[in-house]
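Chemist: Right, I'll just put the structure down here and ask away after.
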Amino acid sequence: MKDTFRALKISENVYWVGAIDWGLRNFHGYLTSRGSTYNAFLILADKVTLVDTVKEPFFDEMMARIRSVIEPDRIDYVISNHSEMDHSGALPKTIAAVRPEKVFASSMGIKALSSHFHWDQEITKLSTGDTLDLGGANLRFIEARMLHWPDSMFTFYDEEGILFSNDAFGMHLASSERFADELDETVLRYEAAKYYANILLHLSPLIERLIDKLPGFNLNLKMIAPDHGPLWRQDPETIIGWYSEWAAQKPTSKAVVVYDTMWQSTAKMARAVADGIISRGVQVKLLPMEGSHRSDVITEVLDAGALVVGSPTMNNQLYPTVADVLTYIKGLRPRGLVGAAFGSYGWSGEAVGHIENALAEMKVELACESVKALYVPENDVLARCVELGEKVASALGAKL
Ligand code: FEO
């Protein structure tokens, strides 16, 4: 059989043998507009080692890439850095095809893999500080709990200075290029920020701690090879620096106004709020949920200092799209925001109260009283919306 997919040599002894998912548009609720990759790596040493696998439908593609370098049954070890299905989905088939001498994972990984596959596969436990001599290549392991799941682990290849970081330092970006230095930096920063905001934001305190601890491992870091998106072979510190910046969540002079509307009343209010914010020299991103995805909203919130939310009342509740985005933002736990609520209603008007409660749960500091409009806002109500925007901008300015 002639193989179609080929491996890419990324260093003296390591090949990229992953898969490119050009068509992925939904990664558990996150709009992945540019697709993704599932990176897996083959280390050639006395003990040939596969680091991670791919999402199950891409098993054949990964095996073809491996076969372009060596016969897959020559793989001795398989390391599973993370049990989420985008990396472990092809693991059972890989083990069946390769029959490796050993499979390795963290202690949490062993449990999680067992709960996924309900198998009796023997897996050797790895903990932080453990080493593995492949014969000509030495690996070290760092548990990276909650980056992105409790089982997540980094594998470091000492001689070549490659950190196989799994989800951390990744992005959902399908491309023909495998290295970050071959891609446009604006796209890289946007997609890395979107990935951070949607996957890792709520883990920021852990990320700060991990980044602080990294120098203590004395890694001779030359390349960061995450499991999604491009590999960082030039200045791997760039992506670490971006992560430090996002993890710190320092507010900037930018406000996000997110809303939806039933009969354009809340939309008019939103535009007035935005005008008030702009009048105080603060940048605004106005995001109508009719045309915005929740994952783009949280990406804008990542570097914002204010979050203002508007909703009409519908059946005594929030408008469904606003409820969706608030639930999503709340789970990702942005910190240090000021904000406010507004909305229109016909007879009961509970939506604004629901927004206030959600903002309180997110520890958003309310800059002023909410504004409500009965049916259609008149000029006096719109003037109060402008004032709300001004107060949000002033409260934000006081924090910068
Ligand atoms: Fe890429 Fe947490 O999986």
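The values are calculated or read from the model by the stated rules, or taken from the named source; none is laboratory data. As the structure is a computational prediction, the values presented were derived from the model and not from experiment. A quick note on method: Cβ atoms are made from the backbone with ideal geometry, for glycine too, and the neighbour counts reach across all protein chains shown. Surface areas here come from the heavy atoms of the whole protein model, side chains and all, with no ligands, DNA or RNA. Shrake-Rupley method; radii C 1.70, N 1.55, O 1.52, S 1.80 Å.
Chemist: Can you pull out the residues in the range 147-156 that are under 18 Å from residue 116 (Cβ atoms), among the hydrophobic types (A, V, I, L, M, F, W, C) and near the ligand (Cβ under 10 Å from one of its atoms)?
Modeler: To start, the set of residues in the range 147-156 that are under 18 Å from residue 116 (Cβ atoms) comprises 148-153.
From the residues that got through so far, the ones that are among the hydrophobic types (A, V, I, L, M, F, W, C) too are 149, 153.
Matches in the range 147-156: 149 only.
Chemist: Counting only residues that are in contact with a Pro (Cβ under 8 Å, 6 or more places away or on another chain) and more than 16 Å from the ligand (Cβ to nearest atom), which one in the range 164-196 is most open to solvent (accessible area, probe 1.4 Å)?
Modeler: Among those that are in contact with a Pro (Cβ under 8 Å, 6 or more places away or on another chain) and more than 16 Å from the ligand (Cβ to nearest atom), it is 182.
Chemist: Being crowded, with 19+ Cβ neighbours inside 10 Å, touching a helix residue (DSSP H, G or I) at 6+ places or on another chain (Cβ under 7 Å), touching a residue at least 12 places away in the same chain (Cβ under 8 Å) and not assigned by TED's automatic domain parsing to the domain that holds residue 375 narrows it down to one of 239, 277, 199, so name that one. If you could, list the steps in order and put the result at the bottom.
Modeler: Details: 277 fails: not assigned by TED's automatic domain parsing to the domain that holds residue 375; 199 fails: touching a helix residue (DSSP H, G or I) at 6+ places or on another chain (Cβ under 7 Å).
That would be 239, the only listed residue that is crowded, with 19+ Cβ neighbours inside 10 Å, touching a helix residue (DSSP H, G or I) at 6+ places or on another chain (Cβ under 7 Å), touching a residue at least 12 places away in the same chain (Cβ under 8 Å) and not assigned by TED's automatic domain parsing to the domain that holds residue 375.
Chemist: From the list 196, 259, pick out the single residue that is within 22 Å of residue 295 (Cβ to Cβ), touching a Gly at 6+ places or on another chain (Cβ under 8 Å) and of a type outside the set (D, E, K, R). Outline the logic, then answer.
Modeler: Details: 196 fails: touching a Gly at 6+ places or on another chain (Cβ under 8 Å).
Sole residue among the options that is within 22 Å of residue 295 (Cβ to Cβ), touching a Gly at 6+ places or on another chain (Cβ under 8 Å) and of a type outside the set (D, E, K, R): 259.
Chemist: Can you tell me which residues in the range 266-280 are of a type outside the set (D, E, K, R) and farther than 16 Å from residue 321 by Cα? So that I can check it myself, show each step before the final result.
Modeler: Keep residues of the range 266-280 that are of a type outside the set (D, E, K, R), which gives 266-267, 269-270, 272-274, 276-279.
Listed by number, the residues that qualify are 269, 272, 273, 274, 276, 277, 278, 279.
Chemist: In this structure, is residue 117 over 23 Å from residue 92 (Cβ atoms) and of a type in the set (Phe, Trp, Tyr)?
Modeler: The answer is no for residue 117.
Chemist: Continuing with the same structure: Of the residues in the range 120-131, how many are out of contact with any Ser or Thr (no Cβ under 7 Å at 6 or more places or on another chain) and open to solvent by 60 Å² or more (accessible area, probe 1.4 Å)?
Modeler: Here the count works out to 5.
Chemist: Taking residue 53 as meeting all but one of (1) in a loop (DSSP other than H, G, I, E, B); (2) under 15 Å from residue 94 (Cβ atoms); (3) free of Cβ contacts under 8 Å to residues at least 40 places away in the same chain, write down the number of the exception.
Modeler: Result: residue 53 passes all but (3).
Chemist: Identify the residue in the range 76-115 that is more than 13 Å from the ligand (Cβ to nearest atom) and among the charged types (D, E, K, R) and, among all such residues, is least open to solvent (accessible area, probe 1.4 Å).
Modeler: 76
Chemist: Tell me the residue from 211, 224 that is open to solvent by less than 10 Å² (accessible area, probe 1.4 Å) and outside any loop (DSSP other than H, G, I, E, B), please. Can you show your working first?
Modeler: Working: 211 fails: open to solvent by less than 10 Å² (accessible area, probe 1.4 Å).
Testing whether each residue is open to solvent by less than 10 Å² (accessible area, probe 1.4 Å) and outside any loop (DSSP other than H, G, I, E, B) leaves just 224.
Chemist: Let me ask something additional. So for the range 320-336 (the condition being open to solvent by 10 Å² or more (accessible area, probe 1.4 Å), more than 28 Å from residue 196 (Cα to Cα) and among the β-branched types (Val, Ile, Thr)), does at least one residue qualify?
Modeler: no
Chemist: Picking from 302, 221, which residue would you name as being more than 20 Å from the chain's Cα centre (by Cα) and on the phi < 0 side of the Ramachandran plot?
Modeler: Numbers: 302 fails: more than 20 Å from the chain's Cα centre (by Cα).
Among 302, 221, only 221 is more than 20 Å from the chain's Cα centre (by Cα) and on the phi < 0 side of the Ramachandran plot.
Chemist: Could you please find all residues in the range 337-365 being touching a residue at least 24 places away in the same chain (Cβ under 8 Å), more than 30 Å from the chain's Cα centre (by Cα) and surrounded by fewer than 24 Cβ atoms within 10 Å (Cβ to Cβ)? Walk me through how you get there before you give the answer.
Modeler: If we filter the range 337-365 for residues that are touching a residue at least 24 places away in the same chain (Cβ under 8 Å), which is where we start, we get 337-346, 348-352, 354-355, 358-359, 361-365.
After this cut, where a residue has to be more than 30 Å from the chain's Cα centre (by Cα) as well, the list is 343-346, 348-350.
The answer is 345, 346, 348, 349, 350.
Chemist: Please indicate, with yes or no, whether at least one residue in the range 116-133 is within 14 Å of the ligand (Cβ to nearest atom) and over 17 Å from residue 227 (Cα atoms). Explain how you work it out, then say what you get.
Modeler: Of all residues in the range 116-133, those within 14 Å of the ligand (Cβ to nearest atom) come to 116.
The next check asks that each one be over 17 Å from residue 227 (Cα atoms); those that pass are 116.
Scanning the range 116-133, I find at least one residue that is within 14 Å of the ligand (Cβ to nearest atom) and over 17 Å from residue 227 (Cα atoms), so the answer is yes.
Chemist: For residue 390, only one of the following conditions fails: (1) touching a strand residue (DSSP E or B) at 6+ places or on another chain (Cβ under 9 Å); (2) touching a residue at least 60 places away in the same chain (Cβ under 8 Å). What is its number?
Modeler: Unmet for residue 390, out of (1) touching a strand residue (DSSP E or B) at 6+ places or on another chain (Cβ under 9 Å); (2) touching a residue at least 60 places away in the same chain (Cβ under 8 Å): (1).
Chemist: Looking at residue 58 and the list (1) more than 16 Å from the ligand (Cβ to nearest atom); (2) open to solvent by 20 Å² or more (accessible area, probe 1.4 Å), which single condition is not satisfied?
Modeler: With respect to (1) more than 16 Å from the ligand (Cβ to nearest atom); (2) open to solvent by 20 Å² or more (accessible area, probe 1.4 Å), residue 58 is out only on (1).
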